[in-house]
């Protein structure tokens, strides 16, 4: 609309700032607002009037999770001791969004240190799920998901180590992409020990969050590629998902694993998504993904503490290599994996989150897309589409088909006191 002059960037940014003023006191997703957003929007409008070059996100407001460095806003990780932390420069992904014309309007809440299943901390408080404010948006990119779902942000940047993009997208009814490890630079992402890197934390990947799958694809085109600083970022060309043909693709649909029986609404959403892919010509069969990924993830988590000796860490890394090889062998027989994101919809604060469906695909480093595919009462339900390494275009194309068939994101009812029925 901005590019075609159906709306000005100033109008778009102002509408988002108004929405933040209206809804953030309840949802508490935005923890810092950028100064000068309207001035940047006015400059964007002047550039269009002059006929200047227009970036992919020219004049579009976006937000970023509060573990992602931003030169003009604090980056606190939800920790009181970092309340005044002002990075010297932007993370690569923030800089690339700005270079594409995007206007950063705010930072979004996360668990302390940027890791965990519930978005609450002592510095900024608790973020609430916009579909049911008694429930959590999950974590750790829960503030980002809640902001986008409630219309306070057009799109945004989060991160994922074992499900931290995917779980909040599922609980808040939006779309997200965890890319192949090395697709998007991690430069400028922080945890409690400082900057992340390809060797220090190979499971963590930054990724886009939005209300539509096409927005994810557009963001991926901006964010992907080496930056000369992340030693793990690879120069692998992107493939346009618009040209992907779903006919004949081999899809394994897995509703449950050996230790998890999803709620009926979760299973129904996965089967509806499978039906949509089958109608598009894919070969969808129910089956099981090789087991052991979650248990191995628990061993990896344990290794982050002080109790694991170096010989045990070496055995964990060898087991990790073996698991990745086993999964690549499995991939010789399938093109896509379709699963729940979790056996549950959005939970109450403090209830344990299940990472059984998401964590294994952080060990492999494979790309995953989450898209809303149903409801559980008034709560959204997402599904996870997993592809092989560097095959984001296949996962995105399948997610587009599911979105077309099942509707994708649906706005939450507002104000919260009126949330009596499924907003879909």
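The values are calculated or read from the model by the stated rules, or taken from the named source; none is laboratory data. The shown structure was predicted, so the numbers you read here are calculated from the model rather than taken from an experiment. So basically every Cβ, Gly included, is an ideal-geometry build from the backbone, and we count neighbours across all protein chains shown.
Scanning region 36-59 for residues that are part of a loop (DSSP other than H, G, I, E, B), loosely packed, with under 15 Cβ neighbours inside 10 Å and at pLDDT 95 or above turns up at least one hit. Among the residues that make up region 265-285, is at least one of them surrounded by fewer than 16 Cβ atoms within 10 Å (Cβ to Cβ), at pLDDT 95 or above, touching a strand residue (DSSP E or B) at 6+ places or on another chain (Cβ under 9 Å) and assigned to a loop (DSSP other than H, G, I, E, B)? Scanning region 265-285 turns up no residue that is surrounded by fewer than 16 Cβ atoms within 10 Å (Cβ to Cβ), at pLDDT 95 or above, touching a strand residue (DSSP E or B) at 6+ places or on another chain (Cβ under 9 Å) and assigned to a loop (DSSP other than H, G, I, E, B). Every listed requirement among (1) over 27 Å from residue 165 (Cβ atoms); (2) assigned to a strand (DSSP E or B) is met by residue 6 save one, (2). Could you tell me whether residue 188 is in contact with a helix residue (DSSP H, G or I) (Cβ under 8 Å, 6 or more places away or on another chain) and either touching a residue at least 12 places away in the same chain (Cβ under 8 Å) or buried (at least 24 other Cβ atoms within 10 Å of the Cβ) (or both)? Here the answer is yes, as residue 188 does meet what is asked. Restricting attention to region 366-398 and to residues that are touching a strand residue (DSSP E or B) at 6+ places or on another chain (Cβ under 8 Å) and in a loop (DSSP other than H, G, I, E, B), the residue that is surrounded by the most Cβ atoms within 10 Å (Cβ to Cβ) turns out to be 367.
The residues of region 278-294 that are over 15 Å from residue 340 (Cα atoms) and within 23 Å of the chain's Cα centre (by Cα) amount to a single one, 293.
Checked against the criterion of being out of contact with any strand residue (DSSP E or B) (no Cβ under 7 Å at 6 or more places or on another chain) and farther than 22 Å from residue 210 by Cβ, the candidates 100, 53 yield just one match: 53. Any chance region 245-259 includes a residue that's surrounded by 16 or more Cβ atoms within 10 Å (Cβ to Cβ) and closer than 30 Å to residue 200 by Cβ? Checked against the condition, which is being surrounded by 16 or more Cβ atoms within 10 Å (Cβ to Cβ) and closer than 30 Å to residue 200 by Cβ, region 245-259 yields at least one hit. For the residues 70, 63, the requirement of being assigned to a strand (DSSP E or B), buried (at least 20 other Cβ atoms within 10 Å of the Cβ) and in contact with a strand residue (DSSP E or B) (Cβ under 8 Å, 6 or more places away or on another chain) singles out 63.
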